[in-house]
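The values are calculated or read from the model by the stated rules, or taken from the named source; none is laboratory data. Note that this is a predicted model, so its numbers are computed, not measured. Cβ: placed from backbone, ideal geometry, glycine included. Neighbour counts: every protein chain shown.
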Amino acid sequence: MAARKTPPVAAPKRTSLLIATRKGLWALGSDAARRSWKLTGPQFLGHIVHHAVADPRDDRTMLAAARTGHLGPTIFRSRDRGRTWKEASQPPAFEAGSGRTVDHSFWLAAGHASEPGVWYAGTSPQGLFRSTDGGASWTGVKGFNEHPQRKTWCGGDQDGTPDGPKLHSVLVDPRDPKHLYIGMSSGGVFESSDGGADWAPLNKGVKALFQPDPDPPFGHDPHCVRLHPRAPDRLYQQNHCGIYRIDRPADRWTDIGAAMPKSVGPIGFPMVLHPRDPDTLWVFPMDGSDVWPRISPGGKPAVYRSVNGGKTWQRQATGLPKAQAWWTVKRQAMTADQAPTVGVYFGTTSGEIWGSRDEGRSWKCLVRNLPHIYAVEAA
Amino acid sequence: MKVLIPGLLRSYTAGADTVVLPAHPTLDAALRDLNARYPGLRFRVVDEQDAIRPHIKMFVDGELARRLDTPLAGSAELMIVGALSGG
């Protein structure tokens, strides 16, 4: 990228991680050096918590999307950094008579900095919901949920990923609260320039190897889409069919997964961006060959980092198991902190949290024996 | 009528395993009354299309009720149960 001005880096501070699992919510907090960690929880024990997110605008609000095996989906809110929680009075739900039901809220995203109290939720099956009161009550974004093309874009509510089709990666342009992106598995990446009233696909250049048309306008399977907060025209996506970058206003994605080692491949779920450098990102590859085992390739987990926008990739596996480790990392389960030397963290399907306090050069297991981890977010 | 609350819903009823409601004509009316007393409870067991959720069962005087318009006239007991739902 072109030279850019970056504001000064904040002084080191403690890192807190919110860990959403198949059986509840935990928090993991560090000291200022990020050497010592303390696990607290569980909260919502027995709930399937798909995502838990802290509000970057006020440093005290947290939202958690939860359901149980029996009970329908809801959202819990905390106004005191997770000490106490209150259930939403009106959780995301499709319109009565629409024939659609929210199976679970999957993705939570705080709204624009100029709109305190605004939140977005992406659901399974694909639906987009908005709250203007800090997550207490939610209404459908009609411009998406009732868009005449929605079903054509997404397919049926039974199609999509094994765990149900999902709307995820709700991204708000920091320059313009009405400029939104979403990702859908399946459906693809879509963009709105009018606060969600209308949407257009943004998928050119992205492979969809499971479709008869090799370059269709929609129907893709982005697993995780990220927008760089300091360079909001730059987006990356980890897709079912590779890794991609786009620099708007271009409307065609560039394949940056082809530079990954052939023995590892470009398939994975999560993707994390450096909080200040738009050229640096991390992915966690998984085995997408044959019958899609969706585990670390060869049982040897590794993070891959690029520092040049995806032109080249470096393997970062120091400290990670060298063999016979058959877990993977889901799309919301990898995150970075804001420290001067960025900390990178991920949670595994086998209930471990791994952390690096040197931008991925070395890794240490911070926690073991948690349930299957769905999401890890720095709070 | 008496409503038997399963363990998985007692966070709404402050731990109560039984709630007594006045007579209601239908299961729907009883659940709306229950939700007015314990906000949020209904949506956990009934979806937005007014279907009882897949792993929830409701018995009216021992008979399985599959629909919200099930009449309750003269019924003494509503039992809400969390059925099997995976590991």
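Could you list all residues from the range A:350-365 that are crowded, with 21+ Cβ neighbours inside 10 Å and under 15 Å from A:Trp26 (Cα atoms)? Break it down stepwise before answering.
The first filter runs over the range A:350-365 and keeps only residues crowded, with 21+ Cβ neighbours inside 10 Å, leaving A:353-357, A:360, A:363.
Matches in the range A:350-365: A:Ile353, A:Trp354.
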Out of the residues in the range B:18-28 that are surrounded by fewer than 16 Cβ atoms within 10 Å (Cβ to Cβ) and under 17 Å from B:Leu4 (Cα atoms), state the one that is farthest from the other protein chains (Cβ to nearest Cβ). B:Ala23
Which strands (runs of 3 or more DSSP E) sit wholly inside the range A:230-315 and have at least 3 residues that are at pLDDT 95 or above and either in contact with a Ser or Thr (Cβ under 7 Å, 6 or more places away or on another chain) or farther than 22 Å from A:Tyr345 by Cα (or both)? A:231-239, A:242-247
The listed residue being polar (S, T, N, Q), over 29 Å from A:Pro293 (Cα atoms) and touching a residue at least 40 places away in the same chain (Cβ under 8 Å), out of A:Ser169, A:Ser185, A:Ser192: A:Ser192
Can A:Ser78 be described as touching a residue at least 24 places away in the same chain (Cβ under 8 Å) and either buried (at least 16 other Cβ atoms within 10 Å of the Cβ) or not aliphatic (A, V, I, L, M) (or both)? no
Which condition does A:Pro261 not pass, out of (1) more than 26 Å from A:Leu227 (Cβ to Cβ); (2) of a type outside the set (S, T, N, Q); (3) without any contact (Cβ under 8 Å) to a residue 40 or more places away in the chain, if it passes all the others? (3)
Options B:Leu4, B:Leu31, B:Leu8, B:Leu68; residue that is modelled with pLDDT under 95 and either hydrophobic (A, V, I, L, M, F, W, C) or within 25 Å of A:Val102 (Cβ to Cβ) (or both): B:Leu8
Residue check for A:Thr312: under 22 Å from A:Gly288 (Cα atoms) and surrounded by fewer than 23 Cβ atoms within 10 Å (Cβ to Cβ): yes
If you take the residues in the range A:280-309 that are basic (Lys, Arg) and within 19 Å of the chain's Cα centre (by Cα), which one is surrounded by the most Cβ atoms within 10 Å (Cβ to Cβ)? A:Arg305
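Regarding A:Ser192, is this residue surrounded by 15 or more Cβ atoms within 10 Å (Cβ to Cβ), modelled with pLDDT under 95 and in contact with a helix residue (DSSP H, G or I) (Cβ under 8 Å, 6 or more places away or on another chain)?
Working: surrounded by 15 or more Cβ atoms within 10 Å (Cβ to Cβ): yes; modelled with pLDDT under 95: no; in contact with a helix residue (DSSP H, G or I) (Cβ under 8 Å, 6 or more places away or on another chain): yes.
So A:Ser192 does not fit the description; no.
Go through the range B:14-36 and count every residue that is over 22 Å from B:Gly62 (Cβ atoms) and in contact with a strand residue (DSSP E or B) (Cβ under 7 Å, 6 or more places away or on another chain).
If we filter the range B:14-36 for residues that are over 22 Å from B:Gly62 (Cβ atoms), which is where we start, we get B:14-15, B:32, B:35-36.
This time we only want the ones that are in contact with a strand residue (DSSP E or B) (Cβ under 7 Å, 6 or more places away or on another chain), so: none.
The qualifying residues number 0.
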Scan of the range A:363-379 for residues that are part of a strand (DSSP E or B) and over 14 Å from the mean Cα position of the chain (by Cα), ordered by number: A:Lys364, A:Cys365, A:Leu366, A:Val367
Residue among A:Pro214, A:Pro177 that is assigned to a loop (DSSP other than H, G, I, E, B), of a type outside the set (Ser, Thr, Tyr) and exposed (fewer than 15 other Cβ atoms within 10 Å of the Cβ): A:Pro214
Out of all the residues in the range A:151-169, is one or more in a strand (DSSP E or B), at pLDDT 95 or above, in contact with a His (Cβ under 7 Å, 6 or more places away or on another chain) and not hydrophobic (A, V, I, L, M, F, W, C)? no
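Per-residue answers, yes or no, for (1) farther than 17 Å from A:Trp282 by Cβ; (2) among the β-branched types (Val, Ile, Thr); (3) in contact with a strand residue (DSSP E or B) (Cβ under 8 Å, 6 or more places away or on another chain):
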| site | (1), (2), (3) |
| --- | --- |
| A:Gly309 | no, no, yes |
| A:Gly319 | no, no, yes |
| A:Ala323 | yes, no, no |
| A:Val344 | no, yes, yes |
Take the conditions within 27 Å of A:Ala136 (Cα to Cα), buried (at least 18 other Cβ atoms within 10 Å of the Cβ) and among the basic types (Lys, Arg) and apply them to B:Arg44. Does it pass? yes
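Just to verify a result, which residue in the range A:317-347, among those that are part of a loop (DSSP other than H, G, I, E, B) and within 14 Å of the chain's Cα centre (by Cα), is nearest to A:Leu28 (Cα to Cα)? Full working, then the answer.
The first filter runs over the range A:317-347 and keeps only residues part of a loop (DSSP other than H, G, I, E, B), leaving A:317-331, A:333, A:337-343.
Those left that are additionally within 14 Å of the chain's Cα centre (by Cα): A:329-331, A:333.
Working: A:Val329: 18, A:Lys330: 18, A:Arg331: 19, A:Ala333: 14 Å.
Only one residue tops the list, namely A:Ala333.
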Within the range A:58-141, which strands (runs of 3 or more DSSP E) (wholly inside it) include 1 or more residues that are within 11 Å of chain B (Cβ to nearest Cβ)? A:62-67, A:74-78, A:127-131
